[in-house]
Amino acid sequence: MSIAVQTAPAPSTGPYTSGDEHVRTELSKIDRSMRGAAIFFLISSIFWLMAGTILALIAAIKAHSPDFLGAYEFLTFGRVRSAHLNAMVFGWSNNAIFAVALWIMARLCRNEVRHNGMLYIAGSIWNIAATIGIVGILAGHGTSIEWLEMPKYVTPLLALSYALIGAWGIMAFRFRKGEHVYVSQWFFLAALFWFPWLYTVAQIMIVFIPARGTVQAITNWWFAHNVLGLWFTPMALGAAYYLIPKVLGKPIHSYYLSVLAFWSLALFYNWAGVHHLIGGPIPVWLISAGIVASVMMVIPVVVTAINHHMTVVGSFGAVWRSPTLRFVVFGAMSYTLTSLIGSAMALRSVNEVTHFTHFTVGHAHHGVYAFFTMIMFGAIYFMMPRLLQREWPSATLIHLHFWFCAVGIGIMVVGLHVGGWIQGMMMNDPDIAFIDTVRATVPWLQSRSVSGLFLTLGHIAFAINVFWMLLPANRKVEGPTLLERRKEAEA
Amino acid sequence: MNNLPLLFLGIFFTLAFSWTGLILTSQIQFGKLVQTTEVLDEEGNPIEGDPLYPEQIVGLAQQGKQVYLDLGCIYCHSQQVRRPGFGADTERGWGERQSVPRDYILQDRVVLGTMRTGPDLMTIGDRNPSDDWHHQHFYNPQITSPGSTMPPYAFLYRVQEVGVEPHPRAVQIPEAFHPGEGLEVIPTRRADALVAYMKSLRMGYSLPEAPIIEQ
């Protein structure tokens, strides 16, 4: 199965679907100017993905078999679990975002990129800082603040490197060519602004000059939920808005729906985080605000779903053939599902059961993996051939990657949702001894370990394919993308 | 969309709005709470001479909090009691009343937690003040709670050969879990600190806004 390179003229709604040869040559030039930096971030992200996967497996097994590696303090559950989360968030996800979003941004801005040196420096600092941070967590310097576990001595490094990367992205936008600003660009631009703001406020108000009492908790969930909603989500949606029309060669269904989706997301998502504190020691009005916002999230979600669906409708064959779209559409569908479940979880009566259980953990993976990560995989399948002017070496490995990941995450999400629900129902019945709630979850936690095995195999297939493709011996196709002939999909 | 100023303003104000609404307002509303007495006088002031709550945890317990943070207990244990009728927190004996913002004001790191793989620990010091129980439990949770998924924290204990006299602080370990003949299990300072922290987690006091109602 090779990537179908879009050469057929497409209706032009922006620079991205142009059939104009001039524009296509320009894109090839941009790709070449971005190659080194994008590949650098990509390789980093894959290393982190593997590291995070190993940590995840250890944590997953420990959750049902606590004696597994039980003698090692640095691998105790509380630490590996946090190391896993941070490896995935700051290592895998952020590097993947830097690779994918900056590359798409550069393409949409239609300008060859300059100052790549800055990206290498910033990227190196980022990865060094993340490594120190994760080793720090394992060594016992973690903060035990959810999503901000890295010790405070790496904060300045992360902030500095992010500042450089974010500034680079904004500069790319500032010096864009052409008038039209495409929807992906708003998402990326907004996220590039939101993330540093969230991170700085959270670090200051929780770690450096801690606010009093549970104001910390509110800040914590404002941050943690918004990392998903205002950083991962816009990045993945921006990529999807770019890739779906691009691969299908037709414009996005409705421009107005994408405007609506953007603004409703911007408005509602950032109030929703307090739903993690329902029933907690904070004023009730705050919780109510969080619940209202969480329910309002139905608007951007449904609007996005309709928009994507209407774009894809009639082209399901192409979606299935294209590795990019198979992953991206899987991700986009997961986005709809996980967001609707998320809105439901914010309702007090549902939350009473799901809060404090593995249901939430399942939900988090539904979002970060089934939605975000799958879209990033899809984007990488699209990006690599264009950066390297080569095709993916093995269609079989792509198949394996897709199926192991799709089945793996499916098992995990179902297992943790069901197990978590049972746990919550039992916990709310005071006649059931607590230890019985613990025992009841064990089979479901074991199903998560099985799912972890699947995901690991999928990631290995992916990594092999990527590094194989990078090998210089691999067949190289000269010239800009436009000269490549469309190949028949083998799958 | 090509109206960039609008885009930038939108990006800025949406987040500014939620930050103001959620965080700044909270900070203003209850970011300055102080200790108070269990009941107030007629004018609504703390009663002079009465003990002030919540109490500050000090010394060894404070060090134990650090151990709690660095081992990541928070990923399985919450420290918050929900109101009666919402969940079964009170019925399970996790607290006689709901916990409120004032209960947390003296903690420099608030660890409300979001998981209850294990029970809530807001009142573990009231429920179970036994040193021996906690040491056995930390050394290996299966001793006290068969089937538990809590990790063993045996690395917080020193296993040594029994000297002329058994060590006065040796933890009583049942046969099946004992490291072996002629050996004894001694808590390290971190284990002692963690137990002291557990015992300091108490909520047996009333607050004016959250009185304990005698049944």
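Some notes on this structure:
- Per the conditions (1) outside any loop (DSSP other than H, G, I, E, B); (2) within 29 Å of residue B:191 (Cα to Cα); (3) aromatic (Phe, Trp, Tyr), the sole criterion not satisfied by residue B:94 is (1).
- Note on the range B:29-55: residues that are among the small types (Gly, Ala, Ser) and farther than 25 Å from residue A:216 by Cβ total 2.
Here's the yes/no breakdown for (1) in contact with a strand residue (DSSP E or B) (Cβ under 6 Å, 6 or more places away or on another chain); (2) at pLDDT 95 or above; (3) open to solvent by 30 Å² or more (accessible area, probe 1.4 Å); (4) of a type in the set (Lys, Arg):
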position: A:81; (1), (2), (3), (4): no, yes, yes, yes
position: A:87; (1), (2), (3), (4): no, yes, no, no
position: A:103; (1), (2), (3), (4): no, no, no, no
position: A:118; (1), (2), (3), (4): no, no, yes, no
position: A:125; (1), (2), (3), (4): no, yes, yes, no
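- Candidate set from the range A:162-180 (those that are touching a residue at least 12 places away in the same chain (Cβ under 8 Å) and within 11 Å of another protein chain (Cβ to nearest Cβ)); member that is farthest from the chain's Cα centre (by Cα): A:178
- Identity of the residue in the range B:14-49, at the interface with chain A (Cβ under 9 Å from one of its Cβ atoms) and open to solvent by 70 Å² or more (accessible area, probe 1.4 Å), that ends up farthest from the chain's Cα centre (by Cα): B:17
- The set of residues in the range B:90-106 being more than 13 Å from residue B:203 (Cα to Cα) and more than 7 Å from every other protein chain (Cβ to nearest Cβ) consists of B:106 alone.
- Contact annotation: residue pairs with Cβ atoms under 7 Å, 6 or more positions apart or on different chains, pairing a residue in the range B:137-162 that is more than 7 Å from chain A (Cβ to nearest Cβ) and closer than 16 Å to residue A:70 by Cα with a partner that is of a type in the set (Val, Ile, Thr) and assigned to a helix (DSSP H, G or I), are B:137/B:143; B:137/B:144.
- Residue match in the range A:231-243 (condition: among the hydrophobic types (A, V, I, L, M, F, W, C) and facing chain B (nearest Cβ under 9 Å)): no
- Applying the criterion of being crowded, with 21+ Cβ neighbours inside 10 Å and either touching a residue at least 60 places away in the same chain (Cβ under 8 Å) or not acidic (Asp, Glu) (or both) to the residues of the range B:84-96, the residue that is nearest to residue B:211 (Cα to Cα) is B:95.
- Conditions (1) crowded, with 21+ Cβ neighbours inside 10 Å; (2) farther than 19 Å from residue B:117 by Cα: number failed by residue B:81: (2)
- Selected residue (criterion: nearest to the other protein chains (Cβ to nearest Cβ)) from residues of the range A:409-432 that are small (Gly, Ala, Ser) and buried (at least 21 other Cβ atoms within 10 Å of the Cβ): A:424
- Within the range B:50-66, tally of residues that are touching a strand residue (DSSP E or B) at 6+ places or on another chain (Cβ under 7 Å) and either assigned to a loop (DSSP other than H, G, I, E, B) or surrounded by fewer than 11 Cβ atoms within 10 Å (Cβ to Cβ) (or both): 1
- Pair list, Cβ under 6 Å, 6 or more apart: the range A:319-331 residue in the same structural domain as residue A:241 (by TED's automatic domain parsing), other residue small (Gly, Ala, Ser) and open to solvent by less than 10 Å² (accessible area, probe 1.4 Å): A:324/A:378; A:327/A:378; A:328/A:240; A:328/A:378
- Every listed requirement among (1) more than 12 Å from the chain's Cα centre (by Cα); (2) under 20 Å from residue B:193 (Cβ atoms); (3) at pLDDT below 95 is met by residue B:107 save one, (1).
- The set of residues in the range B:67-82 that are assigned to a helix (DSSP H, G or I) and within 7 Å of chain A (Cβ to nearest Cβ) comprises B:69, B:70, B:71, B:73, B:74, B:75.
- Pair list, Cβ under 8 Å, 6 or more apart: the range A:437-448 residue within 8 Å of another protein chain (Cβ to nearest Cβ), other residue among the hydroxyl-bearing types (Ser, Thr, Tyr): A:438/B:117; A:438/B:148; A:438/B:149; A:441/B:117; A:441/B:149; A:442/B:149; A:445/B:149
- Restricting A:305, A:261 to residues that are more than 8 Å from chain B (Cβ to nearest Cβ), modelled with pLDDT of 90 or more and open to solvent by less than 10 Å² (accessible area, probe 1.4 Å) narrows the list to A:261.
- Within the range A:206-224, considering residues that are more than 7 Å from chain B (Cβ to nearest Cβ) and over 19 Å from residue A:364 (Cβ atoms), the one most open to solvent (accessible area, probe 1.4 Å): A:209
- Complete set of residues in the range A:322-354 that are over 23 Å from the mean Cα position of the chain (by Cα) and not β-branched (Val, Ile, Thr): A:347, A:348, A:349, A:351, A:352
The values are calculated or read from the model by the stated rules, or taken from the named source; none is laboratory data. Only a predicted model underlies this, so the values are computations on that prediction, with no experimental measurement involved. Reconstructed Cβ throughout: ideal geometry from the backbone, glycine too, with neighbour counts over all protein chains shown. Only protein heavy atoms, including side chains, enter the accessible area calculation; ligands, DNA and RNA are left aside. Shrake-Rupley method; radii C 1.70, N 1.55, O 1.52, S 1.80 Å.
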